[in-house]
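Structure first, then comments.
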Ligand code: WTA
């Protein structure tokens, strides 16, 4: 495991020791960087598995991201917005403040109250963070849905959160195509009587059908007061619900609070990205995912940072788009995903080399393990061997970054492919099946042993599932669902998911969600889904399907029907690379599909114990499919 030295190699022992000796006191100290209307009386109420941070304190996320900057930074750009079609907009901290207050008043005028839920289904336009912050200002809970999800997925999420307001746009651009968001919402809310209004932003200015529930953003924003006093909210007041995939057929509504979450983001944005007033930050994530919530909306704005928000896909109109943006806006801090980097790398270094990337001083990666060769390419070709790389491990549930190098705090040798060390104030370990710490260089389960400020409050309206999913495997210890190892220097190496969750292009997709979608097709009796390694996306989805008897359709027709069904029920991001029709699936005698076997075969691992298997023949059928698959992958790469 080779090391790359950037800087002197100094741990900040003082901070790390202080954090270790009393993590609650340490986080209290960090929380004082924020503006509190009233101080807390108890820094942590830990009633496992429920943590309440800074109890008794009152705070507001919109106040901390906007009002506090009005004195010194009101003219500073908060967002340089770059449209996919080449349009651009600049919004200063003052502009954002005014827009947020106006929209907060709009929400109030529609009867939105503290604790109400508001669903946001928008493209990457400034009205998206404005809507989120307006909710935060009045204590409404925002729930943003990635604009690639289908009507049926949205319906499930709106129903679960019982949102009375939905905010959308007439459309959006994706790779030059128009996506008709309003139509998707119209379909999603049929029969959802509790949805009182749909607010529509004009992005593409196409003709849309308006119903009695629909209100236009511009009409509402005209003639409304631009003063809205921020609500003083309890530190644990819910800020948002973000749905994410887990191991069950239904997405989980991860619920985040305010004071602890903001403390986590303030600290990590400073330590990980070493933010300075003069920096221009660029995170390529979509706000529909947690990275966008934490490191486009809340983290950068808490610091009064300037950032670029890009509407479109990284390869539109061509593969140079991101380098073009870095050159145009003189980006200093760049945060992206291994999937994007693998795609860029495939096109060689000539393209990035033809742009001026010399303003860059720090590079980040998030969402999936980064292969050492991609890490090195990033370091050399993009960072010109002068930018540290922060490989940040975290999850929707953790709220903020948990493992990363911290150039804003200390300089330590970097190792390509390792996230390095946990953030100070966190107790992260790798343990075995029985809960014992494993030896160095031994693969085990990643767990978090103490509560941390950014941790989820619970799952929306489902405390039991919250306990079951994260706290039931080990007592009073958070189970992350990832494999990891620690090397002899204590560095963490993340080794992928230990559960039935896939990471496709960095997006979380639950195999159970896909399987329940496939079996709801009239011709399908059973299905099993697993991931296989993919050169660009990290993982690709493979589905095995057993048909009901006497199905007359040919496989091609069925495959198309199933692909369409997945697109309609979940969304295009969940589209399998391949669907295979098999006669039987490997199952235990009690009838459970043995996914472990599929995963092992797919990854060419030793199959292990098959004594509980009901139908040994099923393995050879699936094994031969994977062999053919490997051959065709090999042929393609030759
Ligand atoms: C994976 C994304 C390796 C991991 C912020 C985790 C990573 C899941 C890394 C959470 C990384 C995220 N190295 N794996 N740097 N970052 N992961 O909720 O499997 O979309 O559990 O949050 O992504 O995905 P989520």
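The values are calculated or read from the model by the stated rules, or taken from the named source; none is laboratory data. None of the values given here were measured: they were computed from a predicted structure. Glycine also receives a Cβ, built like all others from the backbone with ideal geometry; neighbour counts cover every protein chain displayed.
In the range 432-549, counting only strands (runs of 3 or more DSSP E) that sit wholly within it, the ones holding 1 or more residues that are away from the ligand (no atom under 16 Å from the Cβ) and without any contact (Cβ under 8 Å) to a residue 60 or more places away in the chain span 524-534, 538-547. For residue 335, indicate whether it is in a helix (DSSP H, G or I) and either within 16 Å of the ligand (Cβ to nearest atom) or surrounded by fewer than 20 Cβ atoms within 10 Å (Cβ to Cβ) (or both). Judged against the criteria, residue 335 is not a match.
Note on the range 349-395: among residues that are within 11 Å of the ligand (Cβ to nearest atom) and in a loop (DSSP other than H, G, I, E, B), the one that is farthest from residue 294 (Cα to Cα) is 371.
Might you check whether a residue that is on the phi > 0 side of the Ramachandran plot and within 16 Å of the ligand (Cβ to nearest atom) occurs anywhere in the range 418-430?
yes
Cβ-Cβ distances below 6 Å connect the following pairs, each with a first residue in the range 403-420 that is over 16 Å from residue 374 (Cβ atoms), a second residue that is within 16 Å of the ligand (Cβ to nearest atom) and in a loop (DSSP other than H, G, I, E, B), and a separation of six or more residues or different chains: 403/419; 404/419; 407/388; 420/405; 420/491. Among all positions in the range 252-260, there is at least one residue which is crowded, with 23+ Cβ neighbours inside 10 Å, more than 13 Å from the ligand (Cβ to nearest atom), in a helix (DSSP H, G or I) and assigned by TED's automatic domain parsing to the domain that holds residue 124.
If we scan the range 552-559, do we find a residue that is touching a residue at least 24 places away in the same chain (Cβ under 8 Å) and either within 32 Å of the chain's Cα centre (by Cα) or assigned to a helix (DSSP H, G or I) (or both)?
Yes, some residue in the range 552-559 is touching a residue at least 24 places away in the same chain (Cβ under 8 Å) and either within 32 Å of the chain's Cα centre (by Cα) or assigned to a helix (DSSP H, G or I) (or both).
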